Structures are given as structure tokens and as C-alpha cells.
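What follows is a single structure, written as C-alpha cells, with notes after it.
The values are calculated or read from the model by the stated rules, or taken from the named source; none is laboratory data. Given the structure is predicted, the values throughout are model-derived calculations rather than measurements. Please note: Cβ atoms are built from the backbone with ideal geometry, for glycine as well, and neighbour counts cover all protein chains shown.
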């Protein structure tokens, strides 16, 4: 792996010149080349309006990005769709399963909010059972999920990487388990897509969705989803719009003819501004290489583990082996250290406080070990002062 190519990426993120940014899990940095592309789009719209020819061309551009996202996930372009966010996209999955009373769905107790709320809503609507696996400091081994399944289990839903601790689920193991038993397998990839390598075919994922404003370094208001072509016919059409038709630019309002691609679930126009940014980030991701990106980010996580070992009163919260690590590492420390968001900001460190005794560090390929060292050097100085 060529580390130099990741150091070269830092030039595209001006904020890194004056601040230690370790908070991609909240909002990713937008690279200069993506920011410029989005600003240029707005300027074109501002100066030139949008005629029918350029309007049609936008939809052709959308299909080009669709193919790039497919390459990122090892999927066909026809298996990719766009929406506003993961909550919206995951509702397509939940609403399309045809669930009924007596069915159950398996989740776990430290999943992201929308990944639980969607199923609690289905419980209220349909009387289904939501089975919840317990976790230990944010760790939920596959076996905890598997043991909750029976002949009435219709779906299992996990986040590829958990937002609280960065626990990375073994999607290949879960996917194989679900595929063998006819259980629909859905994944929220928001805290992984663009950082951890994803192969939806090898992982046997039926439905995968991610918002683009974190590790895909874009704007709020755009999300991507993969729907496996073999699973697609099993998913009923719960929402519909004009763009899901066979020929979206030449429709007959009195004739409904849906296409047989994932885009049949798209409801209408999306943020083409955000799409301009996504296509540049996708190009860069494909150039850098999924395997190298993942390995580089995991090396930064390893560095966090190593630095935590140097300290007496601090530790990794929810430590795991490398196979379950990601770009998120949570560090715990005594509450008496008095670390707060204001203290971190005073030291020009942008990271997420979790209560008064934990900080979540979220590292992307634009970070380096020096960024991590600034945070741990702060902990070390506090610990030394208290000795």
C-alpha cells in the first residue's frame, strides 16, 4: 500500500491546515474538487437556467453515476437507486416485505435510531415481533443475532459499522446465514461506504443503503441504495414516481409501465447538486482503490489502539480484533479529566463527545497519525498533570 497517495489527499481539505478533524462519523469533509463541481453546477443553473435539453442530460449523467456507485459496491448499475437518505430508502425495504402478524425481524440494541424506529413502527402497524440482540460495549457478535432467528424470521438488519463504537459486523457471515434460510438481509452502510470495502455479492446482501454526507464526503439530502436483482421481484412497490418507468422522459400519464431495475423505486428528482459532488468522490475512491483505502483507515485505527495502551487511565471502549475494526474508535477516560467539547475546540480538535467520559474518533483517508497523536497527546498531558 502506497501511504504517500493518502498524504497527497490532504491538499483537498483546507480545514486540515488549522484544525484536527476526527469527526467524519458526524459529517465528512468535502474535498475541494467536489466543492468546486457543486458550485459550478449552481453557477450554471444561475446563469443559464435549465432548458429541456440540459434537463434530459442530467438524467443521463445520473445513470453514469449509477454505474460508478455500482462499481464501488460490486453491483450492476441496474441494481442501484437514489433517494434522499437511508431512512427513506430503508422504508422501501421495510414496506416492501409484505410483513404480517406472526412474522419477526431481528435487529440489535445499539443500532442506529432509524434502523430501530422503522421496525417499531411496523410493530405498531402490523403486529410483527421485533427481536433485539443485546450488545456488550457496542459489540454484537453474529451468534447473538443468529440465535434469535426461527422459521418466522423475515428480515435481519444491521449497520455495516456501528456509529457509537465503530464495531464492524461480519457481513459475509451474516449474509450467508440469511441466504441459506431465506431471510432478507438489509444493511445500513452510512458509517462504512467510502471507507470500508463493500462487495454486496460476496456478502450476500439483499438491500444496502447509505447516506452520502459522511464517508462519501457529500451533502445532506442524497442517499444510495443497492437492491439485489434476484431479491427485487420479492420487494413489493410501496412508493412510486414518474422516474421509475421504462422511458422516464417519454411517459404517458394514462399508462403505467415500470422498469425492472432498482430505479423503479425512485420517486422523482434528486439533488443534482449533491450528485455532482458524489461523482467526483466516487471517481477518487475508484482511483485510490477500495482495499487500499480500507487498509489505510484500519492502520489509523490500529494507531489509536497503540496510543491508548500507553495511557494508564484511558482505554478503547468496546475493544475488538482487527476484523471488527473500522474508521471509528471510541476512547474512554475518567470523568474527572474534565474533557468537554469546549476543551477539544480550544485545542482545535473536532471529535464527538459521548457523555463526559468518552470521545469518538472517526478517521478517514484524509487523516494521518499526526492527527491522532494530537488527541492522545492531550490525554497524556492531562494524565501527567494529575500524577
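Miscellaneous remarks
- Those residues of segment 86-113 which are over 21 Å from residue 231 (Cα atoms) and touching a residue at least 40 places away in the same chain (Cβ under 8 Å), in sequence order: 102, 108, 110, 111, 112
- Here residue 359 clears all of (1) free of Cβ contacts under 8 Å to residues at least 60 places away in the same chain; (2) surrounded by 15 or more Cβ atoms within 10 Å (Cβ to Cβ); (3) part of a helix (DSSP H, G or I) except the condition numbered (3).
- Any hit, segment 56-75, residues being in contact with a strand residue (DSSP E or B) (Cβ under 9 Å, 6 or more places away or on another chain), part of a loop (DSSP other than H, G, I, E, B) and farther than 30 Å from residue 341 by Cβ: yes
- The one condition from (1) at pLDDT 95 or above; (2) surrounded by 13 or more Cβ atoms within 10 Å (Cβ to Cβ) that residue 345 does not meet is (2).
- The single condition among (1) out of contact with any strand residue (DSSP E or B) (no Cβ under 8 Å at 6 or more places or on another chain); (2) in a helix (DSSP H, G or I); (3) closer than 28 Å to residue 83 by Cβ that residue 264 does not meet is (1).
- Taking segment 203-215 as the range and being touching a helix residue (DSSP H, G or I) at 6+ places or on another chain (Cβ under 6 Å) and either farther than 14 Å from residue 281 by Cα or outside any strand (DSSP E or B) (or both) as the test, the residues that pass are 203, 204, 205, 207, 209, 212.
- Condition check for residue 27: at negative phi and outside any helix (DSSP H, G or I): yes
- Counted residues, segment 31-55 - those being surrounded by fewer than 20 Cβ atoms within 10 Å (Cβ to Cβ) and either in a loop (DSSP other than H, G, I, E, B) or at positive phi (or both): 3
Conditions (1) touching a helix residue (DSSP H, G or I) at 6+ places or on another chain (Cβ under 6 Å); (2) touching a residue at least 60 places away in the same chain (Cβ under 8 Å), marked per residue:
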position: 12; (1), (2): yes, yes
position: 27; (1), (2): no, yes
position: 40; (1), (2): no, yes
position: 43; (1), (2): no, no
position: 51; (1), (2): no, no
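- Number of the condition not met by residue 59 [criteria: (1) over 30 Å from residue 10 (Cα atoms); (2) at pLDDT 95 or above]: (2)
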